[in-house]
Amino acid sequence: MSYSAGVEGAAGADQRGYVHVAHRGAPGPGSAELLAPWLQRGLTDGGAVVLACAPGLRGPLLDRLGTEGVHVVDPDELGGRAPDAIAGHTSLVDRLTVGGTRLHLVTDSARTALGTPAWLQTEALLNHVLADRALVHYCVVDPDHLGADTERALSCHPWTLTAEGVLPNPGRRDPAEVLRSLWSAPAPDPLEATPPTLEVEDVGSVRQLRRALSESLADGPLDPDDAEDLVLAIDEVVANAAEHGVPPVDVRLWVTEQRVLCAVADRGQGFDEPLAGYGPAHGTDLSVGGMGLWLARRAVDRMTTAPLADGDGCVVRLVVDPRRDV
C-alpha cells in the first residue's frame, strides 16, 4: 500500500492535518536521496520546506533541492524540554505556513541533548498538539544513535518512508501509551533511600514551604533562575495535590551535584493524564491542559507519577539534572 490515497505524495491538499513520517536510517546522503523526491513534490505543489536537521543530511538535501522555497533552521529552535520544543514547532509552522500552503519539515534523532526520553516525549506529543496543522514532518530515525530505543522512536510515527513509498506504520502507538512507557515510575528513585535535604510533612503554609525550598536550593547546583522555576513547579504540584488529592500532602527534597529530586505525595488516587499540561503550546487559551501542569513540566527534566509503596496514595516526582545543558 503506497501513500497516495488521501495525501497525494505526502504533499497534496487532500489531508490537511499533521502527517508524521519516520525514515529508519542515518542522517546522511542515503536518507537525502530517499527524501528529496518527496520534498521536491511539496515544493512543486507550492509548499515550503524546512530543514532542521544535522549537517550531514542538510547539505545533500540542499544540493538536490536548491534554496528557493527552502528554509534552514537551527535544530535547537525545536529542542529543549517538551513544552518548549512543542512551542518551537508550533511557532515555526504558524510562521511559515501562508495562504493554506503545506509545510514540509525534516528533522532527525540527533536532537537528544536532554536525553533520549525527553526527545521521544516530544515526538509522541507532536501527534497530539499539531494534529490540525498543515505539516508533513519527516523524521530520520538513526538506529546507530538510538540503539535499543529505535523501535520506540519509530512507534511515535503513524507513517514510515521506505524505498517502496510512504506506508502506514503497523508499529505505531498512541501518544498517551508512549508517554506512559517513558514516564511511569513504579519504583522509588535511589535518592529516596538517603536522608532528604528537606522534609515537610502535611504541608500547611505554602508560603513557608516556598521559603524552605528556596533556602534548601540556595547552596545547590542550580542557578538562581532554575531554582526559582523548580520552586514554582513544586508549588503548582502541591496546589494540585491539595485541590484534587487527599491530605496530608508531604514534600521531600534531595539536592545533590548529580540531580535535584522532589517527591510530592498525598493519599489520593493520583492522575493518569499524560497528554495534560501542554495547553500553552497549542493555543492562546492557557487553561487548555492546565496552566499549573505546563509550568511544572517546563521547569523540570522529568515529572513522573506512581502509587506510594504502601499503595495508600500517590507520589509525583520532579527531577532536574543540573549538569545537563538545557
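The values are calculated or read from the model by the stated rules, or taken from the named source; none is laboratory data. The structure displayed is predicted, hence computed values, not measured ones. Counting neighbours? That spans all protein chains shown, and the Cβs are built from the backbone with ideal geometry, glycine included. Keep in mind that these areas ignore ligands, DNA and RNA; they rest on the heavy atoms of the full protein, side chains included. Shrake-Rupley method; radii C 1.70, N 1.55, O 1.52, S 1.80 Å.
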_Search result, residues across segment 151-168 that are surrounded by fewer than 18 Cβ atoms within 10 Å (Cβ to Cβ) and under 18 Å from P117 (Cβ atoms)_ = E151
*Failed condition for D132, given (1) surrounded by 15 or more Cβ atoms within 10 Å (Cβ to Cβ); (2) closer than 20 Å to V50 by Cβ; (3) not aliphatic (A, V, I, L, M)*: (1)
_Regarding segment 210-230, can at least one residue be identified that is over 27 Å from the mean Cα position of the chain (by Cα), surrounded by fewer than 19 Cβ atoms within 10 Å (Cβ to Cβ), among the basic types (K, R) and modelled with pLDDT under 95?_
no
*Quick one: which residue in W183, W254 is aromatic (F, W, Y), touching a strand residue (DSSP E or B) at 6+ places or on another chain (Cβ under 9 Å), at negative phi and at pLDDT 95 or above?*
W254
*Conditions: (1) small (G, A, S); (2) touching a helix residue (DSSP H, G or I) at 6+ places or on another chain (Cβ under 9 Å); (3) at pLDDT 70 or above. G313 meets all but one. Number of the miss?*
(2)
*Could you check how many residues of segment 290-300 are in contact with a strand residue (DSSP E or B) (Cβ under 7 Å, 6 or more places away or on another chain) and either at pLDDT below 85 or part of a strand (DSSP E or B) (or both)?*
2
*Check on R210, in contact with a helix residue (DSSP H, G or I) (Cβ under 8 Å, 6 or more places away or on another chain), free of Cβ contacts under 8 Å to residues at least 60 places away in the same chain, part of a helix (DSSP H, G or I) and basic (K, R)*: yes
*Within segment 70-96, how many residues turn out to be buried (at least 17 other Cβ atoms within 10 Å of the Cβ) and over 19 Å from the mean Cα position of the chain (by Cα)?*
2
*Take segment 240-252 and flag every residue that is surrounded by 15 or more Cβ atoms within 10 Å (Cβ to Cβ) and assigned to a helix (DSSP H, G or I).*
N240, A241, A242
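Quick grid of which residues meet (1) touching a His at 6+ places or on another chain (Cβ under 6 Å); (2) outside any loop (DSSP other than H, G, I, E, B); (3) of a type outside the set (D, E); (4) without any contact (Cβ under 8 Å) to a residue 60 or more places away in the chain:
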| residue | (1), (2), (3), (4) |
| --- | --- |
| H157 | yes, no, yes, no |
| R173 | no, no, yes, yes |
| S181 | no, yes, yes, yes |
| P196 | no, no, yes, yes |
| D202 | no, no, no, yes |
| E215 | no, yes, no, yes |
*Sort through T107, T101, T122 and tell me the only one that's open to solvent by less than 10 Å² (accessible area, probe 1.4 Å), over 20 Å from L61 (Cα atoms) and of a type in the set (V, I, T).*
T122
